[in-house]
Amino acid sequence: MGEMEMMMRGREEIEMGEDLTRPLPPLSFSLHHSLLLSHCSSCFSPLPSSPLPPIFPPRFPPSNSNPKILYCSSQCSFSDSPLHFSSAEHHLLCLLPSAAAADSSDLRAALRLLESNPATRRSSSVSRIAGLSTNLHKLANDDEEEVAARIRDGARAMAAARRMRDRDCSGEESEGEEEAMAAAALCAVLTNGVEVQVKSGRTLGVAVYGGGGFSWINHSCSPNACYRISLHSDLQTTSFLPDHETAAMRIVPCCNKETQTESGVCSNIISVLSTKECGCSYGPRIIVRSIKRIQKGEEVTVAYTDLLQPKSVRQSDLWSKYRFICCCSRCGSVPPTYMDRVLEEISVVNGNSSSSDSGFYRDKATQMLTQYIDDAISDYLSIGDAQSCCEKLDHVLTRGLPDEQLERNEGTSLPTYTYWLHPLHHLSLNAYTTLASAYKTCSNDMLALFSEANENLCVAFDMSRTSVAYSLLLAGATNHLFQFEPSLIASVANYWVSAGESLSTFARSSMWRELIPLSSLSSIIRHNCLKCSLGNKYETGSFHSQVQYEDFAHVSSKFLDCVTDYMQKVWHLLVHGCNHLRVFKDPLDFSWLVTAKYSSMWEICSHCSSNNIGSNSDIYENIPLCEAQGCTTQVRIHLFQLGVHCLLYGAYLSSICFGKHSYLTCHAQNILDTVEHD
Ligand SMILES: [Zn+2]
Ligand SMILES: [Zn+2]
Ligand SMILES: [Zn+2]
């Protein structure tokens, strides 16, 4: 990854939602250490009840009876065992103390890479292994001592493992040479490694890809492609065609600077690519897919970092992992794009006047708000105190963060400064994600502890709907940004599915039955929406057929129309009892933020918060939940149908970026099937 002098281009005109490559085999891969005895080291599938140990080759007699890794079948053991020993992976696992072994997947992938690419056995070529850039000179001689130390220690352990292996046969390299090659291989894995995420959404290990030009696909913060990992078992059980292996590659390599042939492709690269595919014949494969329409000859790019981060965070992330400065169109935009502006916009309110981003305070405000929000989130994730987390986050989102320290330092005569997060700031988006989950936890805790008392049921019900409201706000906020940045499609798919899951779970909750005796969902026919074609598309399976951009735009606008209708009927009920959420009249409509002068938004926020001060504490008391609050069976049905819409649209977006067999698509479909047969 990140080889700026090389790029991949579209070989032909490509629509959104099409596979650009066949499933490309890895050059090297390894399971995470914690999964070595629960998953097959060859195919990554969960192990059967009687797994097989590696086959010890004659020259490596078993030194102890405990195998370090396991396989699901004799076939897997047969294909992978030789490399397990010859790469010295086995020896590394014997050598490393358990604390270091836990973090050894990069080292093991590097050992395997080194062993299966003998062309690198020349110390002069450490800048490249199997065609992959190692970034060795940048990573190993860096100012950041932590990275350099990690590479030094890792290379030392790898070299020691290889020497241990070589005691049984003849060693070839000197000690220094061994360590230099080990460092290069490790850097190649750190620079080019891809997390192996599978259907469950879980990360199983790391893999390095080079074949098919994958390592030449550059990064962009506004990419037109994404990738997914496919395990051998997926390839067998899904509808991948038998001739999938020979499927056409729809992207071609190209040099940025060197002389090119007429077609824009370097002839020496064509010869490299046309030779037999390099890489393992097994292990997790990678498939690249278009998420935008790609013109013939246009560069194909993917994201190496989270696109919902502001420019400064993306840049420092890319620098620390890959040592390059991104010069993509989004990063280079002057003035910054709307999305990059709002993702890091903070307002500084000084007494009665307010100004946005006034330079001097901006760094300090960012630092303080980041710290505050991280602390609140860790209350929930580390300490398990969901309620304290919700209170803190709601508070900072609604009332901002006063800088009391500033006041003390510079004398009491100065007015108090308050720092406000933009509702689309990336910290705000993190906060919404956390709040959706934490309020749900609060509600469940409440039900588990006090299921008897009716007033507690009301509180649990309110917390549950606040959780639903935050997941809708998050989906609405990212969907708004998606209108400006189409490469957010994968994140948006995720958030719509989460919102849909949250809504349909809430609408089906037994709390309704207890609070509103006659409430029933039984009369709902799921796909009866006549206004949009989502349900119909889903039923007929035309969801997954080739997506034309015009079709996509049409489906999206119909979806938004329907969802806007439902939102008008339910939003004010969902936000009942939550000061912060009441700022938003409609979580799908952020147009007031685009057009408003910055200051007016803060006036709205402060207006809302000052109006409601004091009313929050007793909101749950003495107000029995009933039809008077508007929570009727009709509302319940609207919530349910809104949820189905979100799930359908999430599945639609997910099948565009990951295909119909991806985890997210299947997850959304499973929920839809469950609610249908309820
Ligand atoms: Zn296996
Ligand atoms: Zn960029
Ligand atoms: Zn509809």
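Listing for the model above:
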quantity	calculated
Residue within segment 481-493 that is under 30 Å from ILE294 (Cα atoms), more than 18 Å from the chain's Cα centre (by Cα) and assigned to a helix (DSSP H, G or I) present	yes
Count - residues of segment 71-120 that are modelled with pLDDT of 90 or more and part of a loop (DSSP other than H, G, I, E, B)	5
LYS199 being modelled with pLDDT under 65 and either surrounded by fewer than 13 Cβ atoms within 10 Å (Cβ to Cβ) or farther than 24 Å from GLN295 by Cα (or both)	no
Meets criteria (closer than 21 Å to LEU664 by Cβ, assigned to a helix (DSSP H, G or I) and touching a Phe, Trp or Tyr at 6+ places or on another chain (Cβ under 9 Å)) for ALA469	no
Any hit, segment 328-351, residues being surrounded by fewer than 18 Cβ atoms within 10 Å (Cβ to Cβ) and modelled with pLDDT under 90	yes
Count of segment 1-58 residues which are at pLDDT 90 or above, of a type in the set (Phe, Trp, Tyr) and part of a loop (DSSP other than H, G, I, E, B)	1
All positions within segment 283-306 that are buried (at least 19 other Cβ atoms within 10 Å of the Cβ) and either hydrophobic (A, V, I, L, M, F, W, C) or within 20 Å of ARG202 (Cβ to Cβ) (or both)	GLY283, PRO284, ARG285, ILE286, ILE287, VAL288, ILE291, ILE294, VAL300, VAL302, ALA303
Residue list for segment 282-312, restricted to those being closer than 16 Å to VAL194 by Cβ and within 11 Å of ligand 2 (Cβ to nearest atom)	THR301, ALA303, TYR304, THR305
Subset tally (residues that are crowded, with 19+ Cβ neighbours inside 10 Å and not in a helix (DSSP H, G or I)) for segment 545-564	1
Listing of helices (runs of 4 or more DSSP H) fully contained in segment 570-665 that carry 1 or more residues being under 26 Å from the mean Cα position of the chain (by Cα) and modelled with pLDDT of 85 or more	633-658
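Yes or no, residue by residue, for (1) buried (at least 24 other Cβ atoms within 10 Å of the Cβ); (2) under 16 Å from ASN536 (Cβ atoms):
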site: VAL635; (1), (2): no, no
site: LEU642; (1), (2): yes, no
site: CYS646; (1), (2): yes, no
site: TYR649; (1), (2): yes, yes
site: ALA668; (1), (2): yes, no
site: LEU672; (1), (2): no, yes
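The values are calculated or read from the model by the stated rules, or taken from the named source; none is laboratory data. Because the structure is predicted, anything quoted here is derived from the model rather than measured. Virtual Cβ from ideal backbone geometry, glycine too; neighbours counted across all protein chains shown.
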